[in-house]
Amino acid sequence: MSGTFYAGNDVLNNLWQQTKHANPLNVESQSLTTEIDVDVAVVGGGFSGLSTAYHLAEYGLKVAVLEAAEIGAGASGRNVGLTNAGLWIMPEKTEQLLGASQGQKLNQLLIDAPLYVEQLINRHNIDCDFTRNGTLHLAHSKAAVNYLLARQRQLTAYGAKIEFIDRDCAYQKTRAKGYYGALLDHRAGKLQPLKYCQGLAQIAQRCGAKIYTDSAVLDIVKNNNQLVLTTAAGKVKADKVVLATNAYETHLNYAKALYTPLHYSQLATEPLTKMQREHCLPEDNGCWDSGLVMRSFRLDSESRLLLGTVGNIHRQNASGFKYWAKHVLGKTFPELGTLKYQYAWSGKIAKSHNNIPQLLQIDNNILQIMGYSGRGIAGATVAGKEIAEYLTDQKSSADLALPFNQAKIISFNQLRATVYELGSQISHLSDHLIR
Ligand SMILES: Cc1cc2nc3c(=O)[nH]c(=O)nc-3n(C[C@H](O)[C@H](O)[C@H](O)COP(=O)(O)OP(=O)(O)OC[C@H]3O[C@@H](n4cnc5c(N)ncnc54)[C@H](O)[C@@H]3O)c2cc1C
């Protein structure tokens, strides 16, 4: 497949699509063609929507998930697959932004979230290639070591099991050159994200949730005390609606001004040989680095090496990306020799105004969750649980760890998106001179 890794459609050669379960729901996925009545309609079949549906159905509510395309068509089926703890921003920054009490609640929820994902996977035997070998946050410069040490101190205060390892130890664990040390998070791991998303769909369905794919919600109107959601061939009457469309919102237009879309792309090589494996991530950790234009490295279950970075890969720039990847992997893992690429794809991150996920009350009976800012595997899983607890009156808005109604309109968000994209492309070009 090498040389034809990019076929002109941005998800055609997404590795996760090619290695997902053939029929995760054990039924033909079906689009909505009738009128149904439910307690809660969830719009969007990614981690947020499916975790919300699973938890609500477990509490006994009648739930339907409406997905415009297929399960995991958005960010949930395109990401790096690291079950990271906490947010990009420091825990103390979260406390400053939200106030001590709210900030501490959110930090605790998100720092423990990888453990919740692991519990869910084990409890339901979700087959998603999950391994918990720890993740490594690599220091790309000497100065970044101090940042990582501060991060370790702040995360450890919340009970995270995070260790700073020095340059030699980081090299032994990764065989990656050019790094000055790393934070090893013993509670985090990696998974095949689309399989995990399919697993969430399956457990939601087992608890009684109805899942409809190829069923974009075209509009939502109020009719007496109910909400009516219209799709091309059906209708859903619901008491409550949860919008979980994040950066992939189509047809509806509730949140577009509330996040900046940020692309992140990945390339996957052919499976490494046994000998190559000895020189590349021998302990099978998921890694990302502290560079401003971040890079990520991980192996999949068949020992393909995945390299990721900020920026959008598409037909016009695919060969440039491949050239950049050759440079980066040549410098980072020089013993690997020439590598052939099988897959390349990208996804959109919804970056909120403060890098904190946002829960919004759009209307009395409509909630929206969005803006994980690149930290949404564990984050969206626990957000779904929180939303279900709120909708079943087990938690009030004041009890929620998720900040409620704090989202802000981001001025010039499309222009910002263009600037981030240009900045990342320029940075990749300059990597040939600098890194
Ligand atoms: C490339 C990339 C790498 C990432 N890496 C990581 C990582 O390693 N670790 C981590 O924790 N996080 C990571 N993230 C973030 C994480 O993937 C997201 O935060 C998470 O997947 C968001 O899930 P979601 O369900 O909210 O949204 P999505 O998965 O985007 O789902 C939204 C769904 O809504 C559907 N939809 C939209 N409009 C409609 C409509 N009108 N009707 C019906 N359905 C509709 C879409 O089709 C889509 O399937 C990454 C993100 C990207 C893009």
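Observations on the structure shown:
- Most tightly packed first, judged by the mean number of other beta-carbon atoms within 10 Å of their residues, the peptides 97-104, 267-274 read 267-274, 97-104.
- Long-range amide H partners of PHE130 with built H, under 5 Å: GLN192
- When both region 292-362 and region 163-211 are represented by their alpha-carbon centers, they are found 15 Å apart.
- With θ taken as phi - 60° and the Karplus curve 6.51 cos²θ - 1.76 cosθ + 1.60 applied, the whole-hertz 3J(HN,Hα) list for region 332-338 is 7, 10, x, 6, 6, x, 6 Hz, x standing for glycine and proline.
- Calculated [θ] (222 nm, deg cm²/dmol) that DSSP helices of n ≥ 4 give over the chain, each run adding -39,500 (n - 2.57): -10000 deg cm²/dmol
- Remark on the chain: ratio of C-alpha radius of gyration to 2.2 N^0.38 Å is 0.95.
- When each of ASP166, ASP289 is scored by the number of other beta-carbon atoms lying within 10 Å, the sequence from fewest to most is ASP166, ASP289.
- Under the Karplus curve 6.51 cos²θ - 1.76 cosθ + 1.60, θ = phi - 60°, whole-Hz ³J(HN,Hα) for region 203-219, x wherever Gly or Pro sits: 6, 5, 5, 4, 7, x, 5, 9, 10, 10, 9, 6, 9, 5, 7, 8, 7
- Greater than 26 Å apart at Cα, pairs in LYS142/LYS331; LYS195/LYS351; LYS190/LYS256; LYS20/LYS237; LYS93/LYS240; LYS177/LYS351: LYS190/LYS256; LYS20/LYS237; LYS93/LYS240; LYS177/LYS351
- As a proxy for reagent exposure, MET294, MET275 were ordered by neighbouring Cβ count within 10 angstrom, fewest first; the result is MET275, MET294.
- On the beta carbon distance between ALA157 and ALA398, with R0 = 22 Å, the FRET formula returns roughly 0.40.
Read the figures in this text as sums done on the coordinates, not as results from a lab. Just so it is clear, the structure is predicted and the values come from calculations on it, not from any experiment. Neighbour counts are summed over all protein chains in view; Cβ atoms, including those assigned to glycine, are modelled from backbone coordinates with ideal geometry.
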